[in-house]
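Read through the structure below, which is laid out as structure tokens, and then see the notes.
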Amino acid sequence: SAGRGQELRMARGVAVLLHGKGGAISQARVRRLLGAGSQVVSLVPEKAREKKKPQAPATAATAAPTAPARGRPASYLDLYKQSATRCPGLSWTVLAAIGQVESSHGRNNGPSSAGALGPMQFMPATWKVYGVDGDADGKADIWSPYDAVPGAANYLCANGAGKGGEKLRKAIWFYNHSWDYVNKVMGVAEGYARAYT
């Protein structure tokens, strides 16, 4: 409910986090409950879901390829966790929250009305400075989550995110010049922290 969402300090209209053990949560059932327009994204690594029961192949929005190539993580969750290590002091939950708010974990890669591109919605000029070749395939690709998520960690770190507190909030503000955006990202990050750590 909206009241429960406020109590949990969740960002309104952005995310509902569900936590269950042993495959107790069905994405299809959640989608039916929330309605056809809802976006349901699992942060459980695809391999863990496959062990529980066979499922249809993952889409780019729900998980990265299940067989890691060139050291690629097996899911967005793993990618956020791995990328956060580029910036000591930065929680993976902040990267995951930005990924949720910006593109719903790769489901809406743009371009945005402002010209931002890819799963982490970088402006091309910012990407030229902070983009990275996260999967060591020889190119820094703004459209690839394997490059964009570590690129976001790189950009946040350059703006002081690893120092936490107000420095973290200011680094998120540099990502998108809106304090409402900062509050939304922090709210989603807190939700992920409660659910996964």
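Just give me the residues in region 42-60 being in a helix (DSSP H, G or I) and either surrounded by fewer than 21 Cβ atoms within 10 Å (Cβ to Cβ) or at pLDDT 50 or above (or both), in sequence order.
Initial filter on region 42-60 (in a helix (DSSP H, G or I)): 46-52.
Listed by number, the residues that qualify are Lys47, Ala48, Arg49, Glu50, Lys51, Lys52.
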Verdict on Val132 being within 28 Å of Gly164 (Cα to Cα), of a type in the set (Val, Ile, Thr), at pLDDT 90 or above and assigned to a loop (DSSP other than H, G, I, E, B): yes
Residues satisfying the stated conditions in region 132-186, i.e. surrounded by fewer than 23 Cβ atoms within 10 Å (Cβ to Cβ), closer than 21 Å to Ala114 by Cβ and of a type in the set (Asp, Glu): Asp141, Asp180
Pair list, Cβ < 9 Å and 6+ apart or interchain, from region 99-113 residues that are of a type in the set (Val, Ile, Thr) to residues that are outside any loop (DSSP other than H, G, I, E, B): Val101/Tyr181; Val101/Lys184; Val101/Val185; Val101/Val188
Any chance Gly118 is in contact (Cβ under 8 Å) with a residue 40 or more places away in the chain and under 13 Å from Ile98 (Cα atoms): no
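Of the residues that make up region 173-186, is at least one within 30 Å of Ile25 (Cα to Cα), touching a residue at least 24 places away in the same chain (Cβ under 8 Å) and basic (Lys, Arg)?
yes
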Residues (over 15 Å from Ala158 (Cα atoms) and exposed (fewer than 14 other Cβ atoms within 10 Å of the Cβ)) located in region 85-111: Asn108, Pro111
Among residues of region 90-115, those that are assigned to a loop (DSSP other than H, G, I, E, B) and either aromatic (Phe, Trp, Tyr) or modelled with pLDDT under 95 (or both), counted: 12
Subset of region 61-89 (residues that are of a type in the set (A, V, I, L, M, F, W, C), at pLDDT 95 or above and part of a loop (DSSP other than H, G, I, E, B)): Cys87
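Where residues in region 112-131 are among the small types (Gly, Ala, Ser) and farther than 17 Å from Ile172 by Cα, which of them is surrounded by the most Cβ atoms within 10 Å (Cβ to Cβ)?
Step one: filter region 112-131 for residues among the small types (Gly, Ala, Ser), giving 112-116, 118, 125, 131.
Okay, now just the ones that are also farther than 17 Å from Ile172 by Cα, so 112-115, 118, 125.
Working: Ser112: 13, Ser113: 6, Ala114: 9, Gly115: 12, Gly118: 25, Ala125: 9.
Among them, the one singled out is Gly118.
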Which numbered condition Lys139 misses (of (1) farther than 21 Å from Glu190 by Cβ; (2) at pLDDT 95 or above): (2)
Among residues of region 166-182, those that are over 20 Å from Trp127 (Cβ atoms) and within 16 Å of the chain's Cα centre (by Cα), counted: 1
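The values are calculated or read from the model by the stated rules, or taken from the named source; none is laboratory data. The model shown is predicted, which means the values in this text are computed figures rather than measured ones. Here the Cβ is made from the backbone with ideal geometry for all residues, glycine too, and neighbour counts use every protein chain on show.
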